[in-house]
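The values are calculated or read from the model by the stated rules, or taken from the named source; none is laboratory data. Only a predicted model underlies this, so the values are computations on that prediction, with no experimental measurement involved. Quick reminder, even Gly has a Cβ in these numbers, built from the backbone with ideal geometry, and neighbours come from all protein chains shown. Heads up: the accessible areas ignore ligands, DNA and RNA and are worked out on the full protein's heavy atoms, side chains in. Shrake-Rupley method; radii C 1.70, N 1.55, O 1.52, S 1.80 Å.
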Amino acid sequence: MAGRARDEVELEQLSEQIRYHEAAYRAGAPEITDPAFDDLVERYRELADSLGVDPVERLDAQPGEDHTAGFETVEHRVPMLSLEKLSPNRRDSSGAPMPISDQLAAWFRRRRKELEVEALPVLVEPKVDGISVSVLYANGALRRAVTRGDGRKGDVITKQVAQLGTVPMKLARAGRGELEIRGELYWPLEEFTRFNATLDKPLINPRNGCAGMMKRKDPAGLEATGIRAFFYQVAWDQGVKLPLTQYETLQWLGDRGADVYISEVFRTDSDEEALRYCDDYQARRESLNYDIDGMVIKVDDLGLYARLGATGHHPHWGIAYKFAPERKPTKLLAIEVSVGKSGKLTPVAHLEPVFVSGTTVSRASLHNFVELERKDVRVGDTVLVEKAGEIIPQVVEVDRSKRKRGARRFVPPTVCPTCGTEAVSEEIFVYCPNPVCPDQVRERLRHFASRGAMDIDGMGEVLVDQVVDKLGVRSPDDLFGLDVDALAGLDRMGQKSAERVQAGLEEAKQRGFARVLHGLAIRHVGETMAEDLAAYFKTADALLEFAGRYAAEDEDAIETVAPSKSTERGAIEGLARKSADSIFYELDSPAVRKVFAGLAKVGVNLSVKAADVRAVEAVAGKTFVLTGTLPTLKRIEATKRIKAAGGKVSGSVSKKTDYVVAGDDPGSKHEKAQTLGVTILDEAALIEMLGGDG
Ligand code: IVH
């Protein structure tokens, strides 16, 4: 497969993993270490940058999909879009970095030209960091409050909003018609700190805390939180007489009892003044009683909005200026090297605790030794720390002026810090090659038991550590040999919990081949690759037989998965020669063969579950390419359903593509499909091919 296509597939896999782990982290149950998560994000950014992924399609720019089970979902009458952003990373057509000031000037120019006006007054407003809400009033009374959701449909949180007591239940003098107003639910910092001090387990930060509170099923007590909403827009109205400018709209809303930030906005027709106001506001950021993540610049004359129009993602009447994340200096106390599940050695910084973007940080990933060397981070240095995506802490740079004399460069390990085996380098990473290295064993077993892999009920990280340390478990098949008595004798376990774990193990035996394969933490075999390998080989025996031939350099075997002609596709989508070498050699190793034999012996199902593949005739064997945003299906869902029906999903369009499924803003793949004469489907046609909904 060509390099680009391979990268696109990898990017898709990374998105899936990042979403999963972010959700686990937000739910307070992270399954991987921060450095491991950071590696995923880093690799995603690298690939997304190199592939030139459209900013609005990027994972780091997608509107939050926040549907929560148990909440009623309704469609927004007017979709809740997001805003285009001025980006510090934008480049001009010659590849040179484009300063924010030039980007904003260009934004003004384009609009003035399109509207054929000399001056274009705008309103600059703070962009408060909370969760979007849309509130419907009829006859002046609050009827419904809805979250943004995926922008098209959101969750109904009327009871929760009403309970706050800070959002008006009645809009004074709003007439007899209906209107829907939009704003941001946010947690003022003083209120957040006060409330957090009353909790046993403090909330991570005001934004996430607010999101969590508004999704409490039982609204009782929400009035004690101090959460508020401020409003910035009327989305639509019927039978209400509204003002004609954004500034007057804020006044109008404020006069009727809604919170607005009228005192914080600035009106100008100069891009330079607008930017200066943003920068001045940023300088006041620390002293505000609410978190802001940037500023919004909006055309003031609402009459021009329809002419300016919108894409499926953002309107053309406004743009956001996002501030760089908060950065704080602190001292680097030590650099520890951690060993991951596949032996990767990762440097981790131990820091003097420092409060950044809402939490205290004392550890941060240094990613890899090449990066560490590039930043020249030394123990004892004063370093600047920020949170990537406001969640994962990282060391951004060193303050050289504060370096103490005699601070030594960090020397990457030549042996594994845990087991002493000589380390090996592969590209920019360093690995411990010893499969029985105690840290690797522990991390691998944690991964095997985790939700994304075998999902063994009751087998959390603490229990895994105990079965390794006290019961001598070394490999996944050993787990299935644990008996209730041995388990019951462990700390914080009893007969009941031990029986639950035993039942969990029994149930996990039937998860099927793909989950087992994913659970074994073989390098380059993530969830999607495991599914693809399992779907192709069907059983562990067939896979191992093939791995044996591949490792013996059987030409037919190599040609099957990594064809020598670059125009041909291998049997496994997304698998290139280099990763194929690594995967099949590892599968053929005595250690992995032993684990498979052990798993078979204890009765773990090593074949594809029949339910996983229900071939649908029209789809089976066909190659699909997805492009643009589909109206209802998430890309990952569409991919799963196509694969479950026996089809393949590829990242790029070629003559071999059978169908391109195009959503909104489809981009170049759609054009290429037209040029090559590939059949183009919309989502509805795809769903029909797959046999209807769900
Ligand atoms: S105008 C098309 N104004 O920022 C959306 N949004 O991407 C128009 N936000 O989550 C939004 N303060 O909830 C607007 N003064 C403000 C805002 C604001 C915060 C949030 C909004 C949305 C995101 C926009």
Fill in the blank from the handout: Subset of the range 535-594, residues in contact with a Gly (Cβ under 8 Å, 6 or more places away or on another chain) and among the hydroxyl-bearing types (Ser, Thr, Tyr), comes to Thr560
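Can you find, within the range 358-371, the residue that is surrounded by the fewest Cβ atoms within 10 Å (Cβ to Cβ) among those that are within 28 Å of Asp129 (Cβ to Cβ) and β-branched (Val, Ile, Thr)? Talk me through it step by step, then tell me what you get.
The initial filter retains those residues of the range 358-371 that are within 28 Å of Asp129 (Cβ to Cβ), namely 358-367.
Within this subset, residues satisfying the condition of being β-branched (Val, Ile, Thr) are 359-361.
Details: Thr359: 17, Thr360: 11, Val361: 23.
Of everything passing the filter in the range 358-371, Thr360 is surrounded by the fewest Cβ atoms within 10 Å (Cβ to Cβ).
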Exercise for the section: Kindly indicate whether any position in the range 597-608 is touching a helix residue (DSSP H, G or I) at 6+ places or on another chain (Cβ under 8 Å), at pLDDT 90 or above, hydroxyl-bearing (Ser, Thr, Tyr) and under 27 Å from Ile522 (Cα atoms). Expected result: yes
Practice task
State which residue is most open to solvent (accessible area, probe 1.4 Å) when the search covers only the range 126-172 and only residues that are closer than 20 Å to Ala220 by Cα, in a strand (DSSP E or B) and more than 13 Å from the ligand (Cβ to nearest atom).
Solution key: Arg143
Problem - Among (1) open to solvent by 10 Å² or more (accessible area, probe 1.4 Å); (2) more than 24 Å from the chain's Cα centre (by Cα); (3) in contact (Cβ under 8 Å) with a residue 12 or more places away in the chain - the single one Arg374 does not satisfy - result: (3)
Exercise for the section: State yes or no: is Arg327 modelled with pLDDT under 90, among the basic types (Lys, Arg) and over 22 Å from the mean Cα position of the chain (by Cα)? Expected result: no
Practice task
Name, by its number, the condition in (1) closer than 26 Å to Tyr585 by Cα; (2) among the charged types (D, E, K, R); (3) surrounded by fewer than 19 Cβ atoms within 10 Å (Cβ to Cβ) that does not hold for Arg500.
Solution key: (1)
Handout entry: Number of the condition not met by Ser342 [criteria: (1) more than 22 Å from Pro417 (Cβ to Cβ); (2) touching a residue at least 40 places away in the same chain (Cβ under 8 Å); (3) open to solvent by less than 40 Å² (accessible area, probe 1.4 Å)]
Key = (1)
Problem - Candidates Tyr281, Tyr321, Tyr290, filtered to the one that is touching a residue at least 40 places away in the same chain (Cβ under 8 Å), over 19 Å from Glu84 (Cα atoms) and touching a Gly at 6+ places or on another chain (Cβ under 9 Å) - result: Tyr290
Practice task
Could you tell me which numbered condition Ala334 fails, if it satisfies all but one of (1) closer than 30 Å to Pro243 by Cβ; (2) surrounded by fewer than 18 Cβ atoms within 10 Å (Cβ to Cβ); (3) more than 24 Å from the chain's Cα centre (by Cα)?
Solution key: (1)
Completion exercise
Of those in the range 207-236 that are within 27 Å of the chain's Cα centre (by Cα) and small (Gly, Ala, Ser), the residue farthest from Ala162 (Cα to Cα) is Gly209
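Quick grid of which residues meet (1) over 28 Å from Arg152 (Cα atoms); (2) of a type outside the set (Phe, Trp, Tyr); (3) open to solvent by 50 Å² or more (accessible area, probe 1.4 Å):
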{"residue": "Leu606", "(1), (2), (3)": "yes, yes, no"}
{"residue": "Val625", "(1), (2), (3)": "no, yes, no"}
{"residue": "Gly646", "(1), (2), (3)": "yes, yes, no"}
{"residue": "Thr675", "(1), (2), (3)": "yes, yes, yes"}
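Would you check if there is a residue in the range 187-206 being among the hydroxyl-bearing types (Ser, Thr, Tyr), in a helix (DSSP H, G or I), within 15 Å of the ligand (Cβ to nearest atom) and open to solvent by 50 Å² or more (accessible area, probe 1.4 Å)? Working first, answer last.
We begin by selecting, within the range 187-206, every residue among the hydroxyl-bearing types (Ser, Thr, Tyr); these are 193, 198.
Restricting the remaining residues to those that are in a helix (DSSP H, G or I) gives 193.
Among the residues that remain, those that are also within 15 Å of the ligand (Cβ to nearest atom) are: none.
No, every residue in the range 187-206 fails to be among the hydroxyl-bearing types (Ser, Thr, Tyr), in a helix (DSSP H, G or I), within 15 Å of the ligand (Cβ to nearest atom) and open to solvent by 50 Å² or more (accessible area, probe 1.4 Å).
Residues checked against (1) touching a Ser or Thr at 6+ places or on another chain (Cβ under 8 Å); (2) in contact (Cβ under 8 Å) with a residue 24 or more places away in the chain:
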residue: Gly598; (1), (2): yes, yes
residue: Leu606; (1), (2): yes, yes
residue: Lys609; (1), (2): no, yes
residue: Ala615; (1), (2): no, yes
residue: Ala620; (1), (2): no, yes
residue: Leu626; (1), (2): yes, yes
residue: Ser650; (1), (2): yes, yes
residue: Lys655; (1), (2): no, no
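Tell me whether the range 549-564 contains one or more residues that are open to solvent by less than 60 Å² (accessible area, probe 1.4 Å) and touching a residue at least 60 places away in the same chain (Cβ under 8 Å). If you could, list the steps in order and put the result at the bottom.
Residues of the range 549-564 open to solvent by less than 60 Å² (accessible area, probe 1.4 Å): 550-551, 554, 557-558, 560-563.
So of that shortlist, the ones also touching a residue at least 60 places away in the same chain (Cβ under 8 Å) come out as none.
No.
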Problem - All positions within the range 97-125 that are under 21 Å from Glu248 (Cα atoms) and within 16 Å of the ligand (Cβ to nearest atom) - result: Val122, Leu123, Val124, Glu125
Exercise for the section: Determine which single condition Glu386 fails, assuming it passes every other condition in (1) under 15 Å from Ser338 (Cα atoms); (2) modelled with pLDDT under 90. Expected result: (1)
Problem - Considering residues of the range 212-245 that are assigned to a helix (DSSP H, G or I) and open to solvent by 30 Å² or more (accessible area, probe 1.4 Å) only, the residue nearest to Tyr305 (Cα to Cα) - result: Gly212
Exercise for the section: With respect to Phe355, determine if the residue is open to solvent by 30 Å² or more (accessible area, probe 1.4 Å) and among the aromatic types (Phe, Trp, Tyr). Expected result: yes
